[in-house]
Amino acid sequence: MSEYAPEGTRERWVHDGSKKALEPFDDKKKSFTTVPCVPRPHGEDAGEKSVKVEIEQHTALYRFAILMDTHGRRAINRVFDDAEETTGKAVAPTFLLYLLLNEGECTVAEFCQACGEMLRGEGWTGYQAIQAAWEAIPVDCSQYLPNDLLP
């Protein structure tokens, strides 16, 4: 979103939050890479397929693939599992917030609340989405979030 969006708008909130979330990864001692790619082929599940192709072609370069689609994560995890020299894993977007918690950049309460905001904000509130969001995260958020946002 635009840094020029008016203060108080959702667009500005998303922009400022995104910048703040990425600040800890600006440290050159930490390794965090994003790879923009155009989904090919086009159509249903094109994004998941393009990420899978990228991982197949450059498996050793990736530690995590971030996507919400459960079937896409399973397919990418099979690629990681078949590779001999990598410990990569496909995880849900909430895992990015877990990386911040793991690095001590936020508290458990902040982590849990941010995950809840992400789930609600993206509309990932169905049973399967909730299960997927918490799948690789070993944190108990039951004292910070309502039951409808917990696995």
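The values are calculated or read from the model by the stated rules, or taken from the named source; none is laboratory data. Note that this is a predicted model, so its numbers are computed, not measured. Don't worry about glycine lacking a Cβ; one is built from the backbone with ideal geometry, like all the others, and counts go over all protein chains shown. When the accessible area is computed, the model is the full protein with side chains, heavy atoms only, and any ligands, DNA or RNA have been set aside. Shrake-Rupley method; radii C 1.70, N 1.55, O 1.52, S 1.80 Å.
Below are the figures for this structure:
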| read-out | value |
| --- | --- |
| Surface share of carbon and sulfur [accessible, 1.4 angstrom probe, percent] for the chain | 50 percent |
| Amide proton proximity set for Ala136, modelled H, under 5 Å, gap of 5+ | Ala92 |
| Among His71, His15, His58, residue whose mean-square fluctuation peaks in a GNM of the chain (springs only between Cα atoms under 10 Å) | His15 |
| Linear extension gain, Glu11 paired with Val108, 0.36 nm per residue minus alpha-carbon span | 32.3 nm |
| Projected area, mean over directions - the stretch 94-149, Cα convex hull, nm² | 3.4 nm² |
| Taking N as its residue count, the alpha carbon Rg of the chain over 2.2 N^0.38 Å | 1.10 |
| Farthest toward positive dipole pole in the chain [+1 Lys/Arg, -1 Asp/Glu at C-beta], among Gly123, Leu150, Ile66 | Ile66 |
| GluC sites (Glu not before Pro), loop per DSSP, at most 16 other Cβ atoms within 10 Å - longest free stretch of the chain | 45-83 |
| Loop-exposed trypsin sites (Lys or Arg not before Pro) per DSSP, neighbour cap 12 Cβ within 10 angstrom, longest uninterrupted part of the chain | 31-151 |
| Solvent-accessible area per residue, Å², over the chain with all protein chains present [probe radius 1.4 Å] | 67 Å² |
| Relative contact order, percent, the chain [alpha-carbon distance under 8 Å, six or more residues apart] | 15 percent |
| Estimated dipole of the chain in Debye, rounded to 20 [Cβ of Lys and Arg +1, of Asp and Glu -1, Cα centre] | 160 debye |
| Label point at Ser18 placed 7 Å out along Cα→Cβ; residues across the stretch 58-75 whose backbone nitrogen lies under 18 Å | 66-68 |
| Mean separation of Cα contacts under 8 Å (6+ apart) over length of the stretch 94-149, as relative contact order % | 44 percent |
| Rounded to the nearest 10 Å², the accessible area of Cys106 at probe 1.4 Å | 30 Å² |
